[in-house]
Amino acid sequence: MKKKTEQTAERLKIIPLGGLEQIGMNITAFEYGDSIIVVDCGLSFPEDDMLGVDLVIPDISYLKDNQDKLKGFFITHGHEDHIGAIPYVFKELNVCPIYSTKLTNGLIEHKLEEHKMLTKVKRKVVKYGTHINAGEFRVEFIRTNHSIQDAAALAIYSPAGIVVHTGDFKVDYTPVYGDPIDLQRLGEIGKKGVLALMCDSTNAERPGFTASEKTVGKTIDSIFADNTTSRIIIATFASNVDRVQQIINSADKYGRKVCVEGRSMVNTIDTAQKLGYLHIPDNTLIDIESLKAYPDEKIVLVTTGSQGESMAALSRMANGTHKKVQIKLGDMIVFSSHPIPGNEKAVSNVINDLTMRGAQIVMQDVHVSGHACAEEIKLIYSLVRPQFSIPVHGEFKHLTAQARIAESLGWDHDHIKIIRSGDVLELGDNYSKVTGHVHTGAIMVDGIGVGDVGNIVLRDRQKLAEDGIIIVVLTLDSASGTVLAGPDIVSRGFVYVRDSEDLMESARAVLTETMEVLEEKNITDWNKIKSDIRDNLSDFVWHETQRRPMIIPIIMEV
């Protein structure tokens, strides 16, 4: 990596392809000359109106168009919104290695194995302090704290200057596992002169400091101490290995067996245990088939579903459809998480269902965030002292909250850059400007289909969900075009036919009249016939019901 002269220096381009103005789908390209590196490769989960969609991944058209420049993917930590899209992206873009820390790599490997890609994708495990040369870039991994172990900030060195990307972080002086965030190294890099800081904005609206993860351990321990005769069920995020470790510690202390339920939870714990990030005493962990062999007061069940996800284990327990666990009177259910914005109603529904089955609910003081609050963000700014502030990771309100923090510390408006996904931000010494925009977007994953569900399909699904469907079937004579059978009406999700016989008879009369008019005019074009059937039946249904179901005419010829 050679230092350019002032006359010939190119500018660094920062191009977020996702993750801004939203929580999730984090992926950012850094481009200098003929080199591109990518930080993170995450997914997001579908919005309520994305009916049937399982996952949402970023549109990487820009990377595909420039894959000859790609030098590497650098992953900050192992959460789904930072690694979840890797298998899908690397099916189309397998031209460079993935660099990550040990646990993050283990979680990535598990995903690649599920997609039968483990031997096809190059991966390199990186230790804190390591520098990776990647074309015009050099990238250093710096220890941070988060709600998953092995999280890292990145110092990205380019001929235009240094960019510090915090990843998701908090300042935890007493982490459950490992060492505190390396504030000393961040300060050392700050003294070298930092061009830009890209800082986590998730908790920028919250004053003060985020509490240490260890404080949750004390609360969990007190729950075990106060409920010695109840079965304890704790719902938490699958990826929060430190939280699981503290649950296991309390279970061992009070002589309880630990059962883990939920596929993502089992996978994460298995990976963390194999790599040495989770320490489980012998004979503590049992499988779900063995639950009945132990009395309730000797069991703690750790499960997914703390966000009210309909298919998660806790939701199935709450509605009585779980095959192995039935909620009993006196069960103690602990929600070791806060509802993510938008999930409040789903969580409330699960709590109501659990309560109706006789369970007791605990939610207070059993969770701390993995993201920095305002005072921790100020600390990072004070250490790094960047020329430019680029708030990242969060909705627009979170980004602007961090901008206000930077302003309070003395950064002026011209040196705070709030950008959107797809913006091309060019940076140089005392220079910053959005010079263009690249194509970005969301690719929807439904089952094994990637990208085959778009806005038109979603619109159809929404229509079916709201107003139902009417199928009109009729048989025409191929020679004369006269109606031989039908028109018959099949309805789903529109009205209950047995209670609406008069409506359906009237609808058939409308269709019969429509076909008679078409026959009188000698119209045999199928497109015209289908169009008139749709229009006339739609007008009739709207007049009678104020609904607009999807109408599909099916014509058969004999």
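The values are calculated or read from the model by the stated rules, or taken from the named source; none is laboratory data. Since we're looking at a predicted model, the values are computed, not measured. Don't worry about glycine lacking a Cβ; one is built from the backbone with ideal geometry, like all the others, and counts go over all protein chains shown.
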Residue list for segment 83-115, filter: of a type in the set (D, E) and either surrounded by 16 or more Cβ atoms within 10 Å (Cβ to Cβ) or not assigned by TED's automatic domain parsing to the domain that holds I142 (or both): E109
Report, by residue number, each residue of segment 122-141 that is surrounded by fewer than 22 Cβ atoms within 10 Å (Cβ to Cβ) and touching an Asp or Glu at 6+ places or on another chain (Cβ under 9 Å). R123, Y128, G129, T130, H131, I132, G135
Using the structure shown, decide if L511 is under 14 Å from V472 (Cβ atoms), at pLDDT 75 or above, surrounded by 14 or more Cβ atoms within 10 Å (Cβ to Cβ) and aliphatic (A, V, I, L, M). yes
Listed by first then second residue, the pairs whose first member lies in segment 232-246 and is over 15 Å from I299 (Cβ atoms), whose partner is basic (K, R), with beta carbons under 8 Å and at least 6 positions apart or on separate chains, are T236/R243; F237/R243; Q246/K214
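Of the residues G330, G276, G358, G370, which single one is surrounded by 21 or more Cβ atoms within 10 Å (Cβ to Cβ) and assigned to a loop (DSSP other than H, G, I, E, B)?
G370
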Cβ-Cβ below 8 Å, separation at least six or inter-chain, first residue in segment 510-539 and under 23 Å from F494 (Cα atoms), second among the hydroxyl-bearing types (S, T, Y): which pairs? D532/T514; I533/T514; N536/T514; L537/T514
Residues satisfying the stated conditions in segment 224-244, i.e. in a helix (DSSP H, G or I), out of contact with any helix residue (DSSP H, G or I) (no Cβ under 7 Å at 6 or more places or on another chain) and buried (at least 22 other Cβ atoms within 10 Å of the Cβ): D242
The condition of being over 21 Å from K218 (Cα atoms), basic (K, R) and touching a helix residue (DSSP H, G or I) at 6+ places or on another chain (Cβ under 7 Å) holds, among K324, K292, only for K324
Selection from segment 294-327 of residues that are part of a loop (DSSP other than H, G, I, E, B) and over 25 Å from T284 (Cα atoms): Q307, G308, E309, S310, M311, N319, G320, T321
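Only one of these is touching a Pro at 6+ places or on another chain (Cβ under 9 Å), hydrophobic (A, V, I, L, M, F, W, C) and over 30 Å from H415 (Cα atoms): I232, I223, I248. Name it. Spell out how you get there, then give the answer.
On the way: I232 fails: touching a Pro at 6+ places or on another chain (Cβ under 9 Å); I223 fails: touching a Pro at 6+ places or on another chain (Cβ under 9 Å).
Just one listed residue meets the conditions, I248.
Considering segment 476-503 alone, what residues qualify as being surrounded by 16 or more Cβ atoms within 10 Å (Cβ to Cβ) and either modelled with pLDDT of 80 or more or within 22 Å of M550 (Cβ to Cβ) (or both)?
Answer for segment 476-503, where residues must be surrounded by 16 or more Cβ atoms within 10 Å (Cβ to Cβ) and either modelled with pLDDT of 80 or more or within 22 Å of M550 (Cβ to Cβ) (or both): G486, P487, I489, S491, F494, V495, S500, L503.
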Qualifying residues in segment 56-108 (those that are of a type in the set (D, E, K, R) and under 19 Å from the mean Cα position of the chain (by Cα)) - the one nearest to G167 (Cα to Cα): D81
Given the condition surrounded by fewer than 24 Cβ atoms within 10 Å (Cβ to Cβ), on the phi > 0 side of the Ramachandran plot and outside any loop (DSSP other than H, G, I, E, B), answer yes or no: does some residue in segment 155-165 qualify? yes
Kindly list, by first and then second residue, each pair from a residue in segment 545-556 that is surrounded by fewer than 18 Cβ atoms within 10 Å (Cβ to Cβ) to a residue that is among the charged types (D, E, K, R), limited to pairs with Cβ atoms under 8 Å and residues at least 6 apart or on different chains. R547/D467; R548/K463; R548/D467; I555/K530
In this structure, does F335 turn out to be under 21 Å from the mean Cα position of the chain (by Cα), farther than 28 Å from A152 by Cβ and either touching a residue at least 12 places away in the same chain (Cβ under 8 Å) or not assigned by TED's automatic domain parsing to the domain that holds K218 (or both)? yes
Would you mind finding the one in L329, L291 that is over 25 Å from the mean Cα position of the chain (by Cα), under 22 Å from V362 (Cα atoms) and of a type outside the set (D, E, K, R)? L329
Quickly run through segment 133-154 and pick out the residues that are in a loop (DSSP other than H, G, I, E, B) and either within 24 Å of the chain's Cα centre (by Cα) or among the hydrophobic types (A, V, I, L, M, F, W, C) (or both). T144, H146, S147, I148, Q149, D150, A151
Which condition breaks for H322 when tested against (1) of a type outside the set (V, I, T); (2) touching a Lys or Arg at 6+ places or on another chain (Cβ under 7 Å); (3) touching a residue at least 60 places away in the same chain (Cβ under 8 Å)? (3)
Checking the conditions here, which among L197, L183 is closer than 30 Å to D429 by Cβ and in contact with a Pro (Cβ under 6 Å, 6 or more places away or on another chain)? L197
